[in-house]
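Worksheet: one structure, shown below.
The values are calculated or read from the model by the stated rules, or taken from the named source; none is laboratory data. Because the structure is predicted, anything quoted here is derived from the model rather than measured. Quick reminder, even Gly has a Cβ in these numbers, built from the backbone with ideal geometry, and neighbours come from all protein chains shown.
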């Protein structure tokens, strides 16, 4: 359990049940190993158990296997998804686009770019990646559906395409700094306004 | 030079000058090593020379160093950029968006996703990546400028942002299969039409 002390931001208190502290140590150990350069492929339950200072049985009591643990660990990098307020389609989209590629844990900067080759290499890891993004994708889908119902958005909007239009530029920029001249701070609202309005003269 | 025989699509003829054949062998050796899992970091002029069956001096006679060689090698993965015909803004954008993330060399599927972590790790590799994409970005910038001059596009279009809107969704899809339900074949025209028209009712 000694590894937990290296994470100042991990919530822990001496009064919490031992099993909760063990779960946290296991998740932190998983993220530490990934941030230190372990591939998902190479990561083993043995190594995670050793790093967290627990037995393998403790991990298997809580998670069915490596992929389930990885999904939980990777989701903690991103924190809780933002909750759209429901007042304005535009503002809700700005909120959700701003959360794309945004992580609350500094280890994400080491881990997330390295997922790209792994996601391409293995169907299992592709599924893991999809499970990671789907809850956030669902929030955006709901906002777009609301906009179509209210008549603010065109009735023929392809929602899956619209999500790609809103998410792709932000993710490229956060992941690859694709366009070095774009000002990142205002980017979510600039992307949303441009996608809503279109480039063509009206 | 024996490695060249493994690339059926590499242009070679017995009548070509020895120096051209050596250049090709060097570029092919570089791509082979990357496709086999070498990181850009780990790749050495020594290893490339050995693989290509040439001396290091032969490489330095043609390229100033590893980065210049890498840039040439990575550019051959993508082939020649498509040339917009200049008749229609929309069709020219569809052509250029269709070329994003498209590679003519099968080794690209192994190499390109692995560049993401490297680009994030090193300013030199980030520069390499920017040099690789800039010629293609320039073609798209010119089409958008033409559209603004002709009055087809809004006069207040932010061209760098517009390029991110057009490129981001395509690259995400080609690199990560971000949205598994999107039909890739028609994607370039669907992206271009949606970005030109916008999601909002007019």
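Taking residue A:133, is it free of Cβ contacts under 8 Å to residues at least 12 places away in the same chain and crowded, with 16+ Cβ neighbours inside 10 Å?
Values: free of Cβ contacts under 8 Å to residues at least 12 places away in the same chain: yes; crowded, with 16+ Cβ neighbours inside 10 Å: yes.
Taking the combined requirement at face value, the residue satisfies it.
Of all the numbered requirements in (1) in a helix (DSSP H, G or I); (2) in contact (Cβ under 8 Å) with a residue 24 or more places away in the chain, residue B:46 misses one, and that requirement is (2).
Taking the numbered list (1) closer than 19 Å to residue A:165 by Cα; (2) touching a strand residue (DSSP E or B) at 6+ places or on another chain (Cβ under 9 Å); (3) modelled with pLDDT of 90 or more in turn, residue B:147 passes all entries but (1). The conditions of being touching a residue at least 40 places away in the same chain (Cβ under 8 Å), assigned to a helix (DSSP H, G or I) and more than 9 Å from every other protein chain (Cβ to nearest Cβ) are met by residue B:189.
Please tell me if residue A:160 is in a helix (DSSP H, G or I) and touching a residue at least 24 places away in the same chain (Cβ under 8 Å). For residue A:160, the condition - in a helix (DSSP H, G or I) and touching a residue at least 24 places away in the same chain (Cβ under 8 Å) - is not met. Do we find that residue A:174 is more than 8 Å from every other protein chain (Cβ to nearest Cβ), part of a loop (DSSP other than H, G, I, E, B) and surrounded by fewer than 19 Cβ atoms within 10 Å (Cβ to Cβ) in this structure? When the stated conditions are applied, residue A:174 does not pass them.
Every condition in (1) over 30 Å from residue A:149 (Cα atoms); (2) modelled with pLDDT under 95 holds for residue A:54 except the one numbered (2). Under the condition of being under 20 Å from residue A:199 (Cβ atoms), surrounded by fewer than 19 Cβ atoms within 10 Å (Cβ to Cβ) and in contact with a helix residue (DSSP H, G or I) (Cβ under 9 Å, 6 or more places away or on another chain), the residues counted in the stretch B:177-195 number 2. All conditions in (1) at the interface with chain B (Cβ under 9 Å from one of its Cβ atoms); (2) under 23 Å from residue B:115 (Cα atoms); (3) at pLDDT below 85 hold for residue A:202, with the sole exception of (2). Put simply, of A:87, A:125, A:102 the only residue that is more than 24 Å from residue A:184 (Cα to Cα) and not in a helix (DSSP H, G or I) is A:87. Those residues that are closer than 22 Å to residue B:171 by Cα and either facing chain B (nearest Cβ under 7 Å) or not in a helix (DSSP H, G or I) (or both), I need them from the stretch A:134-157; list them, please. Scanning the stretch A:134-157 gives a single hit, A:157.
Scanning the stretch A:3-20 for residues that are over 23 Å from the mean Cα position of the chain (by Cα) and either within 20 Å of residue A:67 (Cβ to Cβ) or modelled with pLDDT of 55 or more (or both) yields a count of 6.
Only residues that are within 19 Å of residue B:169 (Cβ to Cβ), surrounded by fewer than 18 Cβ atoms within 10 Å (Cβ to Cβ) and touching a helix residue (DSSP H, G or I) at 6+ places or on another chain (Cβ under 6 Å) were counted across the stretch B:99-130, and they come to 2. Here residue A:195 meets each of (1) within 7 Å of chain B (Cβ to nearest Cβ); (2) at pLDDT below 95 with one exception, condition (2).
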